[in-house]
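Structure first, then comments.
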Amino acid sequence: MKHDQSPSPNELYQEFLKHLEDLKNKAEALDLKAKYLGKNGIFSIILKDLKDAAIEVKKEIGQQCNEYKNQIEDLIRSKLDELELQEINRSLAEDWVDITLKNSNLDRGLTAAGYHPMTIVQREIEDIFTSMGFLILDGPYIEDDYHNFTALNTPADHPARDMTDTFWFKNTTEGKQRLHKYLLRTHTSTIQIRGMETYSPPFKFVGPGKVFRCERTDASHEVVFHQIEGMIVDKGISVSNLIYFMKTLLQEIFRREIEVRLRPGFFPFVEPGFELDVKCLICQGNGCSVCKQSGWLELLPCGMVHPNVLREGGIDPKIYQGLAFGLGLDRLTMMRYVIDDVRLINSGDLRFISQFKSY
Ligand code: DAH
(Lines give C-alpha, C1' and ligand atoms only; values in the text may rest on other atoms or scores of the structure.)
Protein backbone atom coordinates (compact mmCIF):
# COMPACT_ATOMS: atom_id res chain seq x y z
CA MET A 1 0.00 0.00 0.00
CA LYS A 2 1.34 3.39 -0.98
CA HIS A 3 0.68 5.70 1.95
CA ASP A 4 1.13 8.90 -0.04
CA GLN A 5 -1.68 7.92 -2.42
CA SER A 6 -4.13 6.63 0.15
CA PRO A 7 -6.50 8.95 2.10
CA SER A 8 -4.83 10.36 5.20
CA PRO A 9 -6.10 9.35 8.69
CA ASN A 10 -7.60 12.78 8.99
CA GLU A 11 -9.49 12.38 5.68
CA LEU A 12 -10.76 9.01 6.87
CA TYR A 13 -11.84 10.56 10.16
CA GLN A 14 -13.73 13.36 8.33
CA GLU A 15 -15.45 10.75 6.21
CA PHE A 16 -16.40 8.87 9.40
CA LEU A 17 -17.92 12.03 10.89
CA LYS A 18 -20.16 12.40 7.83
CA HIS A 19 -21.39 8.80 8.16
CA LEU A 20 -21.96 9.35 11.87
CA GLU A 21 -24.45 12.12 11.06
CA ASP A 22 -26.53 9.78 8.92
CA LEU A 23 -26.90 6.93 11.38
CA LYS A 24 -30.51 5.92 11.89
CA ASN A 25 -30.33 3.07 14.36
CA LYS A 26 -28.06 1.02 16.61
CA ALA A 27 -27.41 -1.66 13.98
CA GLU A 28 -26.06 0.95 11.54
CA ALA A 29 -23.91 2.42 14.33
CA LEU A 30 -22.39 -0.99 15.09
CA ASP A 31 -21.72 -1.57 11.38
CA LEU A 32 -19.97 1.78 11.15
CA LYS A 33 -17.89 0.95 14.19
CA ALA A 34 -16.85 -2.35 12.61
CA LYS A 35 -16.04 -0.59 9.33
CA TYR A 36 -13.54 1.76 11.01
CA LEU A 37 -12.36 -0.07 14.11
CA GLY A 38 -13.08 -3.76 13.47
CA LYS A 39 -10.33 -6.40 13.01
CA ASN A 40 -10.47 -5.82 9.28
CA GLY A 41 -11.58 -2.24 9.61
CA ILE A 42 -10.06 0.73 7.81
CA PHE A 43 -7.77 1.80 10.64
CA SER A 44 -6.63 -1.75 11.46
CA ILE A 45 -5.57 -2.25 7.85
CA ILE A 46 -3.63 1.00 7.80
CA LEU A 47 -1.85 0.03 11.00
CA LYS A 48 -1.06 -3.42 9.63
CA ASP A 49 0.30 -1.90 6.42
CA LEU A 50 2.57 0.39 8.41
CA LYS A 51 4.76 -2.61 9.24
CA ASP A 52 6.94 -1.96 6.25
CA ALA A 53 6.89 1.84 6.37
CA ALA A 54 9.78 4.07 7.39
CA ILE A 55 10.11 4.56 11.12
CA GLU A 56 9.10 8.27 11.08
CA VAL A 57 6.02 7.48 8.98
CA LYS A 58 5.20 4.60 11.27
CA LYS A 59 5.42 6.89 14.28
CA GLU A 60 3.47 9.78 12.83
CA ILE A 61 0.69 7.87 11.07
CA GLY A 62 0.51 5.28 13.84
CA GLN A 63 -0.02 7.95 16.47
CA GLN A 64 -2.64 9.76 14.39
CA CYS A 65 -4.47 6.51 13.71
CA ASN A 66 -4.61 5.60 17.40
CA GLU A 67 -5.90 9.05 18.36
CA TYR A 68 -8.63 8.91 15.73
CA LYS A 69 -9.51 5.38 16.75
CA ASN A 70 -10.05 6.56 20.36
CA GLN A 71 -12.17 9.47 19.22
CA ILE A 72 -14.27 7.22 16.96
CA GLU A 73 -14.72 4.80 19.85
CA ASP A 74 -16.04 7.63 22.12
CA LEU A 75 -18.26 9.10 19.41
CA ILE A 76 -19.81 5.72 18.58
CA ARG A 77 -20.46 5.04 22.28
CA SER A 78 -22.34 8.28 22.82
CA LYS A 79 -24.16 7.84 19.50
CA LEU A 80 -25.32 4.39 20.64
CA ASP A 81 -26.66 5.87 23.89
CA GLU A 82 -28.48 8.58 21.98
CA LEU A 83 -30.01 6.09 19.52
CA GLU A 84 -31.05 3.78 22.36
CA LEU A 85 -32.94 6.62 24.04
CA GLN A 86 -34.62 7.51 20.74
CA GLU A 87 -35.70 3.89 20.31
CA ILE A 88 -37.16 3.71 23.82
CA ASN A 89 -39.11 6.92 23.29
CA ARG A 90 -40.35 5.72 19.92
CA SER A 91 -41.58 2.40 21.27
CA LEU A 92 -43.21 4.09 24.27
CA ALA A 93 -45.08 6.36 21.89
CA GLU A 94 -46.13 3.41 19.71
CA ASP A 95 -47.17 1.17 22.64
CA TRP A 96 -49.27 3.86 24.33
CA VAL A 97 -52.71 2.63 25.32
CA ASP A 98 -55.60 4.85 26.37
CA ILE A 99 -56.82 3.18 29.56
CA THR A 100 -59.53 5.74 30.31
CA LEU A 101 -63.02 4.37 29.93
CA LYS A 102 -65.17 6.31 27.60
CA ASN A 103 -68.00 7.80 29.64
CA SER A 104 -71.21 7.39 27.71
CA ASN A 105 -72.99 9.57 30.29
CA LEU A 106 -70.96 12.53 29.07
CA ASP A 107 -72.15 11.91 25.51
CA ARG A 108 -75.71 11.95 26.79
CA GLY A 109 -75.15 15.35 28.34
CA LEU A 110 -74.95 14.03 31.90
CA THR A 111 -72.08 14.89 34.19
CA ALA A 112 -69.55 12.52 35.72
CA ALA A 113 -70.49 10.34 38.69
CA GLY A 114 -70.85 11.74 42.20
CA TYR A 115 -72.06 10.54 45.58
CA HIS A 116 -75.69 9.90 46.43
CA PRO A 117 -77.10 12.73 48.61
CA MET A 118 -77.68 10.23 51.44
CA THR A 119 -74.00 9.28 51.36
CA ILE A 120 -72.91 12.92 51.37
CA VAL A 121 -75.05 13.72 54.42
CA GLN A 122 -74.20 10.47 56.25
CA ARG A 123 -70.46 11.10 55.88
CA GLU A 124 -70.85 14.68 57.05
CA ILE A 125 -72.71 13.54 60.19
CA GLU A 126 -70.13 10.81 60.82
CA ASP A 127 -67.42 13.48 60.69
CA ILE A 128 -69.25 15.56 63.28
CA PHE A 129 -69.52 12.54 65.59
CA THR A 130 -65.95 11.36 65.17
CA SER A 131 -64.79 14.89 65.95
CA MET A 132 -66.71 14.54 69.24
CA GLY A 133 -64.94 11.25 70.01
CA PHE A 134 -67.72 8.84 69.00
CA LEU A 135 -67.04 5.41 67.52
CA ILE A 136 -68.86 4.49 64.29
CA LEU A 137 -70.43 1.02 64.54
CA ASP A 138 -72.23 -1.16 62.04
CA GLY A 139 -74.94 -3.79 62.40
CA PRO A 140 -76.61 -6.39 60.17
CA TYR A 141 -79.71 -5.61 58.09
CA ILE A 142 -81.06 -9.09 58.80
CA GLU A 143 -81.60 -9.13 62.54
CA ASP A 144 -83.00 -11.55 65.04
CA ASP A 145 -86.04 -10.92 67.16
CA TYR A 146 -83.88 -10.51 70.26
CA HIS A 147 -81.75 -7.59 69.02
CA ASN A 148 -84.59 -5.81 67.24
CA PHE A 149 -87.23 -6.12 70.00
CA THR A 150 -86.73 -8.27 73.09
CA ALA A 151 -83.42 -6.82 74.26
CA LEU A 152 -84.85 -3.34 73.67
CA ASN A 153 -87.45 -3.87 76.37
CA THR A 154 -90.05 -4.96 73.80
CA PRO A 155 -90.90 -8.61 74.63
CA ALA A 156 -93.02 -10.78 72.34
CA ASP A 157 -96.37 -9.72 73.80
CA HIS A 158 -95.56 -5.99 73.93
CA PRO A 159 -98.07 -3.83 72.03
CA ALA A 160 -95.24 -1.53 70.86
CA ARG A 161 -94.24 -4.23 68.39
CA ASP A 162 -97.27 -3.18 66.36
CA MET A 163 -95.77 0.29 65.86
CA THR A 164 -93.34 -1.21 63.41
CA ASP A 165 -94.86 -3.75 61.07
CA THR A 166 -92.01 -5.29 59.19
CA PHE A 167 -90.67 -7.99 56.89
CA TRP A 168 -90.16 -11.36 58.57
CA PHE A 169 -88.19 -14.16 57.01
CA LYS A 170 -89.93 -17.46 56.39
CA ASN A 171 -90.59 -19.23 59.66
CA THR A 172 -88.37 -21.81 61.15
CA THR A 173 -90.61 -24.53 62.52
CA GLU A 174 -89.98 -26.03 65.91
CA GLY A 175 -92.43 -28.75 66.92
CA LYS A 176 -95.86 -27.33 66.26
CA GLN A 177 -94.86 -23.79 67.17
CA ARG A 178 -93.78 -21.52 64.34
CA LEU A 179 -91.02 -19.14 65.35
CA HIS A 180 -90.67 -15.81 63.59
CA LYS A 181 -87.03 -15.41 64.25
CA TYR A 182 -85.35 -13.28 61.62
CA LEU A 183 -86.49 -9.99 60.15
CA LEU A 184 -85.20 -6.94 58.28
CA ARG A 185 -84.30 -4.58 61.12
CA THR A 186 -86.93 -1.94 61.72
CA HIS A 187 -84.54 0.54 63.34
CA THR A 188 -80.87 1.09 64.07
CA SER A 189 -81.57 0.77 67.82
CA THR A 190 -80.35 -2.83 67.36
CA ILE A 191 -76.86 -1.30 67.29
CA GLN A 192 -77.34 -0.18 70.92
CA ILE A 193 -77.49 -3.85 71.93
CA ARG A 194 -74.63 -4.88 69.65
CA GLY A 195 -72.53 -1.98 70.96
CA MET A 196 -73.14 -2.95 74.59
CA GLU A 197 -72.23 -6.56 73.76
CA THR A 198 -68.86 -5.37 72.42
CA TYR A 199 -67.82 -2.44 74.65
CA SER A 200 -67.75 -1.78 78.38
CA PRO A 201 -68.77 1.63 79.72
CA PRO A 202 -68.01 4.45 79.53
CA PHE A 203 -68.50 4.63 75.76
CA LYS A 204 -70.19 6.67 73.05
CA PHE A 205 -70.96 5.49 69.56
CA VAL A 206 -73.19 6.06 66.55
CA GLY A 207 -74.48 3.43 64.12
CA PRO A 208 -75.74 4.58 60.72
CA GLY A 209 -77.59 2.44 58.19
CA LYS A 210 -80.65 1.33 56.27
CA VAL A 211 -83.82 0.24 58.05
CA PHE A 212 -86.97 -1.40 56.70
CA ARG A 213 -90.66 -1.13 57.44
CA CYS A 214 -93.78 -2.44 55.85
CA GLU A 215 -95.20 1.05 55.23
CA ARG A 216 -97.64 2.62 52.83
CA THR A 217 -95.44 5.13 51.07
CA ASP A 218 -96.15 8.83 50.80
CA ALA A 219 -94.09 12.04 50.55
CA SER A 220 -92.50 11.40 53.95
CA HIS A 221 -92.64 7.58 54.33
CA GLU A 222 -90.63 4.93 52.54
CA VAL A 223 -90.21 1.17 52.92
CA VAL A 224 -86.42 1.52 53.05
CA PHE A 225 -84.99 4.52 54.85
CA HIS A 226 -81.95 5.54 56.89
CA GLN A 227 -81.20 6.31 60.51
CA ILE A 228 -78.21 7.08 62.68
CA GLU A 229 -78.47 5.62 66.14
CA GLY A 230 -76.47 7.20 68.93
CA MET A 231 -75.69 6.01 72.44
CA ILE A 232 -73.68 7.48 75.32
CA VAL A 233 -73.20 5.50 78.52
CA ASP A 234 -71.33 6.99 81.44
CA LYS A 235 -71.69 7.83 85.13
CA GLY A 236 -74.10 10.59 86.12
CA ILE A 237 -75.83 11.18 82.77
CA SER A 238 -79.12 13.04 83.11
CA VAL A 239 -81.95 14.55 81.03
CA SER A 240 -80.21 17.93 81.04
CA ASN A 241 -77.18 16.28 79.35
CA LEU A 242 -79.58 14.82 76.81
CA ILE A 243 -81.24 18.12 75.95
CA TYR A 244 -77.96 20.05 75.79
CA PHE A 245 -76.36 17.39 73.63
CA MET A 246 -79.28 17.24 71.16
CA LYS A 247 -79.25 21.03 70.74
CA THR A 248 -75.50 21.09 70.12
CA LEU A 249 -75.83 18.28 67.63
CA LEU A 250 -78.51 20.04 65.58
CA GLN A 251 -76.51 23.27 65.60
CA GLU A 252 -73.49 21.40 64.24
CA ILE A 253 -75.60 19.74 61.55
CA PHE A 254 -77.52 22.79 60.33
CA ARG A 255 -74.87 25.39 61.15
CA ARG A 256 -77.55 27.93 62.00
CA GLU A 257 -80.27 28.54 64.55
CA ILE A 258 -83.26 26.33 63.82
CA GLU A 259 -86.49 26.17 65.72
CA VAL A 260 -86.99 22.95 67.65
CA ARG A 261 -89.61 21.65 70.05
CA LEU A 262 -89.30 18.84 72.55
CA ARG A 263 -92.32 16.81 73.57
CA PRO A 264 -92.77 13.53 75.41
CA GLY A 265 -92.62 10.45 73.19
CA PHE A 266 -93.00 6.78 73.94
CA PHE A 267 -90.39 4.22 73.00
CA PRO A 268 -90.11 1.11 75.19
CA PHE A 269 -86.31 1.28 75.36
CA VAL A 270 -86.08 4.80 76.86
CA GLU A 271 -87.51 6.37 80.00
CA PRO A 272 -88.23 9.23 79.77
CA GLY A 273 -88.52 9.40 75.97
CA PHE A 274 -88.83 12.48 73.78
CA GLU A 275 -89.70 13.52 70.28
CA LEU A 276 -87.53 16.36 69.08
CA ASP A 277 -89.17 18.12 66.15
CA VAL A 278 -87.70 20.79 63.92
CA LYS A 279 -89.65 23.53 62.17
CA CYS A 280 -90.09 22.26 58.60
CA LEU A 281 -87.42 23.89 56.46
CA ILE A 282 -89.22 22.96 53.26
CA CYS A 283 -92.31 25.12 53.92
CA GLN A 284 -90.78 27.32 56.68
CA GLY A 285 -93.43 25.97 59.03
CA ASN A 286 -96.39 27.00 56.86
CA GLY A 287 -97.46 23.41 56.21
CA CYS A 288 -96.67 21.10 53.29
CA SER A 289 -97.07 17.44 52.31
CA VAL A 290 -93.73 16.49 53.92
CA CYS A 291 -94.70 17.82 57.39
CA LYS A 292 -98.30 16.75 56.85
CA GLN A 293 -99.39 20.41 57.02
CA SER A 294 -98.26 20.62 60.67
CA GLY A 295 -95.22 22.83 60.10
CA TRP A 296 -93.08 20.44 62.22
CA LEU A 297 -91.05 17.33 61.40
CA GLU A 298 -90.12 14.55 63.78
CA LEU A 299 -86.37 14.40 63.33
CA LEU A 300 -84.65 13.25 66.47
CA PRO A 301 -86.45 10.89 68.86
CA CYS A 302 -84.36 10.40 71.98
CA GLY A 303 -84.41 9.53 75.65
CA MET A 304 -82.65 8.14 78.69
CA VAL A 305 -81.78 4.48 78.15
CA HIS A 306 -84.24 2.25 80.04
CA PRO A 307 -82.62 0.38 82.97
CA ASN A 308 -83.87 -2.93 81.52
CA VAL A 309 -81.94 -2.24 78.32
CA LEU A 310 -78.75 -1.45 80.22
CA ARG A 311 -79.18 -4.63 82.25
CA GLU A 312 -79.70 -6.62 79.05
CA GLY A 313 -76.37 -5.21 77.85
CA GLY A 314 -74.67 -6.36 81.06
CA ILE A 315 -74.46 -2.82 82.53
CA ASP A 316 -75.51 -1.99 86.10
CA PRO A 317 -78.04 0.93 85.85
CA LYS A 318 -77.23 1.92 89.45
CA ILE A 319 -73.68 2.78 88.38
CA TYR A 320 -74.09 3.85 84.75
CA GLN A 321 -76.76 5.82 82.94
CA GLY A 322 -77.22 6.30 79.23
CA LEU A 323 -78.81 8.50 76.63
CA ALA A 324 -79.81 7.40 73.15
CA PHE A 325 -81.20 8.93 69.99
CA GLY A 326 -82.25 7.84 66.52
CA LEU A 327 -81.71 10.51 63.90
CA GLY A 328 -83.83 10.26 60.74
CA LEU A 329 -81.27 10.63 57.96
CA ASP A 330 -83.65 10.84 55.01
CA ARG A 331 -85.58 13.73 56.58
CA LEU A 332 -82.35 15.50 57.35
CA THR A 333 -81.21 15.10 53.75
CA MET A 334 -84.59 16.32 52.50
CA MET A 335 -84.33 19.47 54.58
CA ARG A 336 -80.73 20.09 53.64
CA TYR A 337 -81.45 19.92 49.91
CA VAL A 338 -85.12 20.92 50.01
CA ILE A 339 -86.32 17.60 48.56
CA ASP A 340 -90.09 17.47 48.82
CA ASP A 341 -90.67 13.71 48.39
CA VAL A 342 -88.75 10.94 50.18
CA ARG A 343 -89.51 8.52 47.34
CA LEU A 344 -87.10 10.41 45.08
CA ILE A 345 -84.22 9.26 47.28
CA ASN A 346 -84.45 5.58 46.27
CA SER A 347 -85.88 6.24 42.82
CA GLY A 348 -82.59 5.85 40.97
CA ASP A 349 -83.80 8.62 38.67
CA LEU A 350 -80.72 10.16 37.03
CA ARG A 351 -82.40 13.52 36.61
CA PHE A 352 -82.68 13.66 40.41
CA ILE A 353 -79.42 12.02 41.37
CA SER A 354 -77.16 13.95 39.01
CA GLN A 355 -78.01 17.22 40.77
CA PHE A 356 -75.77 16.30 43.70
CA LYS A 357 -72.06 16.48 43.22
CA SER A 358 -69.35 15.80 45.72
CA TYR A 359 -66.26 13.89 44.81
N1 DAH B 1 -85.73 3.35 67.11
C2 DAH B 1 -86.76 4.36 67.14
C3 DAH B 1 -87.55 4.26 65.85
O4 DAH B 1 -87.03 3.86 64.86
C5 DAH B 1 -86.16 5.73 67.24
C6 DAH B 1 -85.54 6.01 68.57
C7 DAH B 1 -86.29 6.58 69.58
C8 DAH B 1 -84.23 5.74 68.81
C9 DAH B 1 -85.75 6.88 70.80
C10 DAH B 1 -83.64 6.04 70.05
C11 DAH B 1 -84.43 6.62 71.04
O12 DAH B 1 -82.39 5.78 70.33
O13 DAH B 1 -83.87 6.93 72.23
O14 DAH B 1 -88.69 4.64 65.83
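Pairs only if they're at least six apart or on different chains, beta carbon under 8 angstrom, first in region 68-81 and more than 10 Å from LEU17 (Cα to Cα), second open to solvent by 80 Å² or more (accessible area, probe 1.4 Å); list them, first residue then second.
LEU80/LEU30
Residues of region 246-278 being out of contact with any His (no Cβ under 7 Å at 6 or more places or on another chain), within 16 Å of the ligand (Cβ to nearest atom) and open to solvent by less than 30 Å² (accessible area, probe 1.4 Å), which ones?
Across region 246-278, the qualifying residues are MET246, LEU249, LEU250, GLY265, GLY273, GLU275, LEU276, ASP277, VAL278.
Looking at region 316-327, is at least one residue within 19 Å of THR150 (Cα to Cα), out of contact with any strand residue (DSSP E or B) (no Cβ under 7 Å at 6 or more places or on another chain) and assigned by TED's automatic domain parsing to the domain that holds CYS291?
Looking for residues that are within 19 Å of THR150 (Cα to Cα), out of contact with any strand residue (DSSP E or B) (no Cβ under 7 Å at 6 or more places or on another chain) and assigned by TED's automatic domain parsing to the domain that holds CYS291, one finds at least one in region 316-327, hence yes.
Which of the residues spanning region 223-248 are at pLDDT 95 or above and polar (S, T, N, Q)?
Across region 223-248, the qualifying residue is only GLN227.
Would you point out the residue of region 51-66, among those that are touching a residue at least 40 places away in the same chain (Cβ under 8 Å) and in a helix (DSSP H, G or I), that is least open to solvent (accessible area, probe 1.4 Å)?
Step one: list which residues in region 51-66 are touching a residue at least 40 places away in the same chain (Cβ under 8 Å), which gives 53, 57, 61, 64-65.
Restricting the remaining residues to those that are in a helix (DSSP H, G or I) gives 57, 61, 64-65.
On the way: VAL57: 51, ILE61: 34, GLN64: 60, CYS65: 0 Å².
Looking at the filtered set, the residue picked out is CYS65.
Can you tell me which of GLY326, GLY314, GLY322, GLY295 is away from the ligand (no atom under 16 Å from the Cβ) and at pLDDT 95 or above? Give the steps one after another, and end with the answer.
Numbers: GLY326 fails: away from the ligand (no atom under 16 Å from the Cβ); GLY322 fails: away from the ligand (no atom under 16 Å from the Cβ); GLY295 fails: at pLDDT 95 or above.
The conditions single out GLY314.
Are there any helices (runs of 4 or more DSSP H) wholly within region 238-356 with 2 or more residues that are under 30 Å from the mean Cα position of the chain (by Cα) and in contact (Cβ under 8 Å) with a residue 24 or more places away in the chain, and if so which? Don't jump to the end; show me each part of the working.
On the way: elements: 239-254, 307-312, 329-337, 350-353.
The qualifying helices (runs of 4 or more DSSP H) are 239-254, 329-337, 350-353.
Looking at SER220, is it at pLDDT 90 or above and among the hydroxyl-bearing types (Ser, Thr, Tyr)?
Working: at pLDDT 90 or above: no; among the hydroxyl-bearing types (Ser, Thr, Tyr): yes.
Taking the combined requirement at face value, the residue does not satisfy it.
I'd like to know if region 230-244 contains one or more residues that are surrounded by 13 or more Cβ atoms within 10 Å (Cβ to Cβ) and touching a Lys or Arg at 6+ places or on another chain (Cβ under 6 Å).
The answer is yes; a qualifying residue exists.
Suppose we filter region 106-126 for residues that are under 21 Å from the mean Cα position of the chain (by Cα) and modelled with pLDDT under 85; how many remain? Spell out how you get there, then give the answer.
Start the filter on region 106-126 by keeping residues that are under 21 Å from the mean Cα position of the chain (by Cα), which leaves 111-126.
Filter again for modelled with pLDDT under 85, leaving 111-114.
Selection size over region 106-126: 4.
Return yes when SER200 is more than 29 Å from the chain's Cα centre (by Cα), away from the ligand (no atom under 16 Å from the Cβ) and at pLDDT 95 or above and no when it is not. So that I can check it myself, show each step before the final result.
Numbers: more than 29 Å from the chain's Cα centre (by Cα): yes; away from the ligand (no atom under 16 Å from the Cβ): yes; at pLDDT 95 or above: yes.
The answer is yes for SER200.
Out of all the residues in region 193-208, which are open to solvent by less than 10 Å² (accessible area, probe 1.4 Å) and small (Gly, Ala, Ser)?
GLY195, GLY207
Of everything in region 30-58, what is modelled with pLDDT of 90 or more and basic (Lys, Arg)? Give them in sequence order.
Listed by number, the residues that qualify are LYS33, LYS35.
Assess whether GLY139 counts as being open to solvent by 30 Å² or more (accessible area, probe 1.4 Å) and either at pLDDT 90 or above or more than 22 Å from the chain's Cα centre (by Cα) (or both). Step through it out loud before you land on a result.
On the way: open to solvent by 30 Å² or more (accessible area, probe 1.4 Å): no; either at pLDDT 90 or above or more than 22 Å from the chain's Cα centre (by Cα) (or both): yes.
So GLY139 fails the test.
Out of curiosity, is ASN308 within 15 Å of the ligand (Cβ to nearest atom) and among the polar types (S, T, N, Q)? Walk me through it before giving the result.
Values: within 15 Å of the ligand (Cβ to nearest atom): yes; among the polar types (S, T, N, Q): yes.
Yes, satisfied.
The values are calculated or read from the model by the stated rules, or taken from the named source; none is laboratory data. Note that the structure is predicted; figures quoted are calculated from it, not measured. Counting neighbours? That spans all protein chains shown, and the Cβs are built from the backbone with ideal geometry, glycine included. With ligands, DNA and RNA removed, areas are computed over all heavy atoms of the protein, side chains included. Shrake-Rupley method; radii C 1.70, N 1.55, O 1.52, S 1.80 Å.
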